[in-house]
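Enquirer: Supplied in structure tokens, the structure appears directly below.
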């Protein structure tokens, strides 16, 4: 794409945006993005989700990228997962096969 065609494309887009902003009815498509709030998990919820994976607290912590102490605290109810940990728990809750599809932890048997 030449500099002129890029410039013309930008100008055309800006012209369309100006016309749309001045119009009483929308001309351009609008997209509404809705983000599901981060779910709050209680101790029993975390334990239930972990048990569905068949992982120990230590392995589950490694899978989520948190400390074993964090998982222990979540399951004891002294702390609650938040942010990315809550999102990952929700994903595992919605798709039990997630830990199989994305095996961040592998089981290595040694003799």
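Enquirer: For the stretch 1-30 and the stretch 60-102, what is the separation of their Cα centres, given in Å?
Expert: Value for the Cα centre distance between the two parts: 45 Å.
Enquirer: For the chain, find the longest principal axis of its Cα atoms and tell me its angle to the long axis of helix 43-53, 0 to 90°, nearest 10.
Expert: Around 90 degrees separate the two axes.
Enquirer: What angle, in degrees between 0 and 90 and rounded to the nearest 10, separates the Cα long axis of helix 3-22 from the longest principal axis of the Cα atoms of the chain?
Expert: Around 90 degrees separate the two axes.
Enquirer: Can you tell me the Rg and the Dmax, both Å, for the Cα atoms in the chain?
Expert: Radius of gyration, then largest Cα-Cα span, for the chain: 23.7, 75 Å.
Enquirer: In addition: If you fit an axis through the alpha-carbon atoms of helix 83-94 and take the longest principal axis of the Cα set of the chain, what angle between them do you get, 0 to 90°, nearest 10?
Expert: Long axis of 83-94 versus the principal axis of the chain: about 80 degrees.
Enquirer: Now a separate question. Could you tell me the convex hull volume per residue, in Å³, taken over the Cα atoms of the stretch 56-108?
Expert: Working: hull volume 4.2 nm³, N = 53.
Measuring per residue, one finds 78 Å³ for the Cα hull of the stretch 56-108.
Enquirer: List the relative contact order of the chain as a percent without decimals, with contacts defined as Cα pairs under 8 Å and 6+ residues apart.
Expert: Working: 70 pairs, mean separation 26.1, N = 111.
The value is 23 percent.
Enquirer: Order by neighbour count: 31, 80, fewest other Cβ atoms within 10 Å first, most last. Don't jump to the answer; show the numbers that get you there.
Expert: On the way: 31 4, 80 15.
Least crowded to most crowded, the residues run 31, 80.
FYI, it's all coordinate maths here, none of it is from the lab. Because the structure is predicted, anything quoted here is derived from the model rather than measured. Don't worry about glycine lacking a Cβ; one is built from the backbone with ideal geometry, like all the others, and counts go over all protein chains shown.
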